[in-house]
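Okay, so here's the structure we're looking at.
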Amino acid sequence: MSKDGRLPPGQYTVRDFPVLHVGAVPQFDPQRWRFRIFGEVDAPRELTWSEFTALPGKSVKTDIHCVTRWTKYDTNWFGVPFAEIVKLAKPRPGVNFVITHGAHGYTANVSLSAASDDDVLFAYQYEGKPLEPIHGGPMRMFIPKRYFWKSTKWCDGVEFSREDKPGFWETRGYNNDADPWKEERYW
Ligand SMILES: Nc1nc2c(c(=O)[nH]1)N[C@H]1C(S)=C(S)[C@@H](COP(=O)(O)O)O[C@H]1N2
Ligand SMILES: [Mo]
């Protein structure tokens, strides 16, 4: 950890914003974009881009940490708080896990309690501008207290589940919880 208590163990800071993903960057068509809320919920639904962006939004300024050891300080995000989606979805009793789905079948799982932190967003702006396609635009999961692979880019769905469902990286040797402060990198 750094002297200021801000840099998690084994990380270094960067000024640029590295790009990391598998597969090609998808095209965004606002007419066709849908966000699917599904799983063990009382109110499954599919939101259009205009419905999604009409939901209450929130700004979050915080640091982000990638398992490849870069940390970027003071990033500014805007999006729909996770709590707003929970309000719409009405998860059933016993739901303890959240799986975000992205382009090309990418998924990432987190506990419902981790996702319920008040800095968790379905983010669609970065530094006051529409989120760039290379960083997951038009919309990505944003869960800053976990390594960044949990922040699914080109997010097109969120699933609520009673069972945990390890995602793309979690089934390839990465840690299920991914807390940078505990250095939970791999299994
Ligand atoms: N859909 C999707 N989301 C993804 C990935 C991916 O390959 N596909 N890669 C993850 C990984 S490993 C990281 S480190 C971050 C990188 O986000 P960035 O390119 O905006 O820095 O996105 C995460 N979200
Ligand atoms: Mo990553």
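The values are calculated or read from the model by the stated rules, or taken from the named source; none is laboratory data. Just so you know, these numbers come straight off a predicted model, no measurement behind them. Every residue, glycine among them, receives a Cβ derived from its backbone with ideal geometry; neighbour counts consider all protein chains shown.
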* D42 being at pLDDT 95 or above, under 19 Å from G128 (Cβ atoms), more than 16 Å from ligand 2 (Cβ to nearest atom) and among the acidic types (D, E) -> no
* Any residue at all in segment 174-186 that is over 12 Å from A108 (Cβ atoms), more than 13 Å from ligand 1 (Cβ to nearest atom) and part of a helix (DSSP H, G or I)? -> yes
* To do: Within segment 118-146, track down each residue that is within 16 Å of ligand 2 (Cβ to nearest atom) and either surrounded by 24 or more Cβ atoms within 10 Å (Cβ to Cβ) or part of a strand (DSSP E or B) (or both).
  => G136, R140, M141, F142, I143, R146
* Asked: Which of the residues belonging to segment 86-120 are out of contact with any Leu (no Cβ under 8 Å at 6 or more places or on another chain), more than 21 Å from V25 (Cα to Cα) and within 16 Å of ligand 1 (Cβ to nearest atom)?
  -> N109, V110, A114, A115, V120
* Structure fact -> When (1) within 16 Å of ligand 2 (Cβ to nearest atom); (2) aromatic (F, W, Y); (3) buried (at least 19 other Cβ atoms within 10 Å of the Cβ) are applied to W70, the one that fails is (3)
